[in-house]
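The values are calculated or read from the model by the stated rules, or taken from the named source; none is laboratory data. Given the structure is predicted, the values throughout are model-derived calculations rather than measurements. Cβ placement follows ideal geometry from the backbone for every residue including glycine, while neighbour counts extend to all protein chains displayed. All accessible areas refer to the heavy atoms of the entire protein, side chains included, with ligands and DNA or RNA removed. Shrake-Rupley method; radii C 1.70, N 1.55, O 1.52, S 1.80 Å.
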Amino acid sequence: MTVRVERSFELPVDRERVWEFIADPGKRAGAISVVSDYTVHDDGSATWRLDLPIPVVNRTIGVETEDEERRAPEYVRFVGRSKVMKVIGEHELTETDEGTRLTNRFVVDGSLPGVERFFKRNLDDEMQNLEQALADDLGVEV
C-alpha cells in the first residue's frame with residue numbers, strides 16, 4: 001500500500017523567505033518528528049535517521065535523500081530511499097496577495113508491514129509540524 005497526501009497552507013511572507021527554509025534539506029528534516037538526527041552532505045544530499053514506532057522496526061533507519069528537481073524559488077522535489085521505505089516529497093511555492101501558498105505532496109511506499117499505516121495515521125501531524133517549523137523560522141503566527 002502506498003500513502004499519498006497533499007496539503008497546502010499559506011504564510012504571510014514573500015516566497016523567497018519560504019524558499020530559504022524549504023530549499024534547506026536540514027530544515028526540512030528537522031521538521032519531521034520521527035527524524036531523530038540528520039546529516040547534510042557537501043553535495044546537498046542528506047541522510048535522515050528515523051525512529052519509527054512500529055513493531056517490526058527496532059532500530060534507527062537511515063534514509064538517503066536527495067533533491068531531484070529544484071526551481072528556485074518555486075519548486076523542489078526530493079526522494080528518500082531506505083530498506084524499509086521510499087518517500088517522495090514535493091514542495092511548490094505560489095505567490096498570493098497575502099504572501100505565499102506552500103503546497104506539499106508526499107508519497108510513502110513502505111517495504112515492511114506497518115510503515116504505510118504509520119504514515120497514513122501521522123502525515124497530517126507531520127504537515128502541521130512543517131507548518132509550525134516554518135512559522136517559527138519566519139517569526140510568524142500560524
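Quick notes on this one:
- Among the residues making up the stretch 75-109, a single one is surrounded by fewer than 17 Cβ atoms within 10 Å (Cβ to Cβ) and touching a helix residue (DSSP H, G or I) at 6+ places or on another chain (Cβ under 7 Å): Glu95.
- Every test in (1) open to solvent by less than 50 Å² (accessible area, probe 1.4 Å); (2) over 18 Å from Asp136 (Cβ atoms) is passed by Arg4 save one, and that test is (1).
- Within the option set Ile54, Ile32, being among the β-branched types (Val, Ile, Thr), assigned to a loop (DSSP other than H, G, I, E, B) and open to solvent by 20 Å² or more (accessible area, probe 1.4 Å) holds for one residue only, Ile32.
- Scanning the stretch 1-29 for residues that are in contact with a strand residue (DSSP E or B) (Cβ under 7 Å, 6 or more places away or on another chain), part of a helix (DSSP H, G or I) and within 30 Å of Ser111 (Cβ to Cβ) turns up Ile22, Pro25, Gly26, Ala29.
- For the stretch 127-142, the set of residues classified as touching a strand residue (DSSP E or B) at 6+ places or on another chain (Cβ under 8 Å) and crowded, with 16+ Cβ neighbours inside 10 Å consists of Met127, Leu130, Glu131, Leu134, Ala135, Leu138, listed by residue number.
- Qualifying residue in the stretch 110-125 (condition: open to solvent by 70 Å² or more (accessible area, probe 1.4 Å), over 17 Å from Lys27 (Cα atoms) and modelled with pLDDT of 95 or more): no
- Of all residue pairs spaced 6 or more apart or on separate chains, those with beta-carbon atoms under 7 Å, a first member in the stretch 10-23 that is in contact (Cβ under 8 Å) with a residue 60 or more places away in the chain and charged (D, E, K, R) and a second member that is assigned to a strand (DSSP E or B) and open to solvent by less than 10 Å² (accessible area, probe 1.4 Å) are Glu10/Thr100; Asp14/Thr100; Arg15/Leu93; Arg15/Thr100.
Residue-wise test of (1) among the charged types (D, E, K, R); (2) in contact (Cβ under 8 Å) with a residue 12 or more places away in the chain.
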| residue | (1), (2) |
| --- | --- |
| Arg49 | yes, yes |
| Pro53 | no, yes |
| Ile61 | no, yes |
| Arg70 | yes, yes |
| Val76 | no, yes |
| Gly80 | no, yes |
| Lys86 | yes, yes |
| Arg121 | yes, no |
| Val142 | no, yes |
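- When Val63 is tested against the conditions (1) of a type in the set (A, V, I, L, M); (2) touching a helix residue (DSSP H, G or I) at 6+ places or on another chain (Cβ under 6 Å); (3) in a strand (DSSP E or B), the lone failure is (2).
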